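Working notes for the structure below.
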There are 6 protein chains.
Amino acid sequence: MSDIVKEFNDYRAKMNDKILADNNKVVKRIFNLDTNAFQEGALDKKTKELLGLVASTVLRCDDCVKYHLEASYNEGISKAEISEALSIATLVGGTIVIPHLRRAHEYWEAIEQHNVESNL
Amino acid sequence: MSDIVKEFNDYRAKMNDKILADNNKVVKRIFNLDTNAFQEGALDKKTKELLGLVASTVLRCDDCVKYHLEASYNEGISKAEISEALSIATLVGGTIVIPHLRRAHEYWEAIEQHNVESNL
Amino acid sequence: MSDIVKEFNDYRAKMNDKILADNNKVVKRIFNLDTNAFQEGALDKKTKELLGLVASTVLRCDDCVKYHLEASYNEGISKAEISEALSIATLVGGTIVIPHLRRAHEYWEAIEQHNVESNL
Amino acid sequence: MSDIVKEFNDYRAKMNDKILADNNKVVKRIFNLDTNAFQEGALDKKTKELLGLVASTVLRCDDCVKYHLEASYNEGISKAEISEALSIATLVGGTIVIPHLRRAHEYWEAIEQHNVESNL
Amino acid sequence: MSDIVKEFNDYRAKMNDKILADNNKVVKRIFNLDTNAFQEGALDKKTKELLGLVASTVLRCDDCVKYHLEASYNEGISKAEISEALSIATLVGGTIVIPHLRRAHEYWEAIEQHNVESNL
Amino acid sequence: MSDIVKEFNDYRAKMNDKILADNNKVVKRIFNLDTNAFQEGALDKKTKELLGLVASTVLRCDDCVKYHLEASYNEGISKAEISEALSIATLVGGTIVIPHLRRAHEYWEAIEQHNVESNL
């Protein structure tokens, strides 16, 4: 597995467990909502993932971008679709988005690499 | 025509003309890009409008939200689809998004009202 | 009743009703959480209101500031305590917070005025 | 005098007086620093005003933009210089800056109009 | 001493010294204000630290969060109080705050670990 | 060559090449605009670099700050001028800017060090 994908997911899982162990009702419900909000509804899951990706990108949250990139990959969203979504984020959010674009491209490559390797 | 829709569009058109009359190359090209970025490509226009709407909402830009709501309406996007897109924006962006949600709902109603009246 | 307090509360109540009538599960739960999060817990309600006020101020959300100012007033928080909380928000958030400080002071006066009048 | 320039300055002066009457040391010193920071130093006042204008624009603080536009006008900064500074703000901050650009152009016109009238 | 606490404090102290060596009056006064603003006043130091923590969290400034976590620990603020303060920050600031929540929990653990070790 | 300057520039160049290889028209034009916007015009290049630096600093984009620091250095902008520009950014953007100030000072030193070494 590609280092940066596995590292991110391991750290995320470990710390989420610790946060949830706090048993804070507000935080726990926000975590639940985060799962529910991206389920199929009036909009399909693919569109919702792209919305989550663009929201995360314009708010310049690298970890949120990573999460939505992997979820998008798992929904079968293509690189071309990701690139167009990110281009809208860059236009709306300005050139300060570009460093996040660089890291998003690097992470997408790592996701692709990871999936090639796990299919061998 | 509903007041707040017409007022917004008139002010926007008048001031955009003045901005473009400045003949600043960078600003003019950004205006052009804004038109191009939402054209059909790997993603369809409807998806792109929703991406623009969610980006504008999490960045809490009321005027950008208004613009994308009307463009979404003209693309045939339903109220149910808008509501789901805005729910993702509210979850990702937090409760500070809620005041913008109120104004978005008010503006969507004004758009509907305007279109009923112009079809009479 | 002071105009700007009543106007804000009426508009807020009317639009919240419309948003909740949409029956979007994510948004409804976020509204519920917003009520729960400010209940007495490890921290008392007064401290929590001040946290909500400062979060709203540094994020420069005037409507959120108004809401927390009135909730703070109802919790018996003094003007001196509000001023110190807002001074921390101004230092952390910078001089771009100052215009929101002006509107916060204006709104606090309106709340005081409203409560004097309703006690007559 | 042009309405929106006078209205803004009157409201700003009145509310600043009330804020300073609170006698909060932190806020008072931040107000003082705001005056000092834009004095001639390694950089001249004109450059500093443009820095303040661009910072205010990318942070999308309309009242801060208004303040720096008038200060820039009083330093003899030309419309062409303002337009270039704002074009950098729009590129760096993205299309969400455009609504603030519209209001900046409107306010600059009001400043020019006010100064023509007061020289008659 | 725990690595990440010591590393952060060492880097912070070293670079603050270099910044202050510049002798820029505005920056020096802002540093001074940062010390003054969190002193006992109408609000006690504990409440003020929590305000600083929540402001830093919703503005998603990891280094500021680290600083206020350690100051909170030194004021005797409990983990339960920190968790509630951070839950308000997450609700107000949205799910983009969650990655900062993960790092805050990790840093709080490191602070606890450091203090156990230095008491041996 | 100093590690952090070379590392940043190498990563930036490598990832920009990959982004541009995507051939997304919107992103390519934004990259072009970024070059054009900082050319001599009504404002000289030095002033424009300082505007880019301050915009990047208040928006708290470390990579953008690094880029503009090196471009500023190459335009012959002095440390004293940089410090004053950054002091305005800190006042306008608040104490959350300070961690970025620390990294900016560290990077400026690295640029100076790199240039001493390459002149030997």
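Some observations on this one:
- Single residue of the range B:96-118 satisfying the filter (open to solvent by 20 Å² or more (accessible area, probe 1.4 Å), touching a residue at least 24 places away in the same chain (Cβ under 8 Å) and out of contact with any Asp or Glu (no Cβ under 7 Å at 6 or more places or on another chain)) that is nearest to the other protein chains (Cβ to nearest Cβ): B:Glu106
- Residue within the range C:65-79 that is small (Gly, Ala, Ser) and over 30 Å from D:Asp34 (Cα atoms) present: yes
- Which listed residue, of F:Phe38, F:Phe31, is outside any helix (DSSP H, G or I) and of a type in the set (Phe, Trp, Tyr): F:Phe38
- Of the residues making up the range B:28-60, not one is among the hydroxyl-bearing types (Ser, Thr, Tyr), more than 8 Å from every other protein chain (Cβ to nearest Cβ) and more than 24 Å from D:Arg102 (Cβ to Cβ).
- Within the range E:5-19, residues that are more than 16 Å from E:His68 (Cβ to Cβ) and modelled with pLDDT of 95 or more reach partners that are part of a helix (DSSP H, G or I) and not basic (Lys, Arg) with beta carbons closer than 7 Å, at six or more positions or on different chains, in the pairs E:Met15/F:His105; E:Met15/F:Glu106; E:Lys18/F:His105; E:Ile19/E:Val27; E:Ile19/F:Leu101; E:Ile19/F:His105.
- Among the conditions (1) under 26 Å from F:Leu33 (Cβ atoms); (2) facing another protein chain (nearest Cβ under 9 Å); (3) not polar (S, T, N, Q), B:Asp17 misses just one, which is (2).
- The number of residues in the range C:68-94 being among the hydroxyl-bearing types (Ser, Thr, Tyr) and touching a Phe, Trp or Tyr at 6+ places or on another chain (Cβ under 8 Å) comes to 1.
- A residue that is open to solvent by 10 Å² or more (accessible area, probe 1.4 Å), at pLDDT 95 or above, part of a helix (DSSP H, G or I) and more than 19 Å from B:Arg12 (Cβ to Cβ) cannot be found anywhere in the range B:60-75.
- Counting only residues that are touching a residue at least 40 places away in the same chain (Cβ under 8 Å) and either more than 20 Å from F:Lys48 (Cα to Cα) or among the basic types (Lys, Arg) (or both), the range F:59-79 holds 2 of them.
- Checking each residue in the range B:42-54 for being open to solvent by 30 Å² or more (accessible area, probe 1.4 Å) and either touching a residue at least 24 places away in the same chain (Cβ under 8 Å) or under 17 Å from B:His105 (Cα atoms) (or both) picks out B:Lys45, B:Lys46.
- Test result for B:Thr57, more than 18 Å from B:Thr35 (Cα to Cα), buried (at least 23 other Cβ atoms within 10 Å of the Cβ) and under 10 Å from the mean Cα position of the chain (by Cα): yes
- Close Cβ contacts (under 8 Å, 6 or more residues apart or on different chains) running from residues in the range C:80-95 that are facing another protein chain (nearest Cβ under 7 Å) and under 15 Å from C:Glu49 (Cβ atoms) to residues that are basic (Lys, Arg) and in a helix (DSSP H, G or I) comprise C:Glu84/E:Lys48; C:Ile88/E:Lys48.
- Just so you know, in the range F:10-22 the residues that are under 27 Å from B:Asn24 (Cβ atoms) and more than 19 Å from the chain's Cα centre (by Cα) include one that is least open to solvent (accessible area, probe 1.4 Å), and it is F:Ile19.
The values are calculated or read from the model by the stated rules, or taken from the named source; none is laboratory data. Bear in mind that the values here come from a model prediction, so they are computed numbers and not experimental data. Backbone-built Cβ (ideal geometry, glycine too); neighbour counts: all protein chains shown. Note: areas computed on protein heavy atoms with side chains; ligands, DNA, RNA excluded. Shrake-Rupley method; radii C 1.70, N 1.55, O 1.52, S 1.80 Å.
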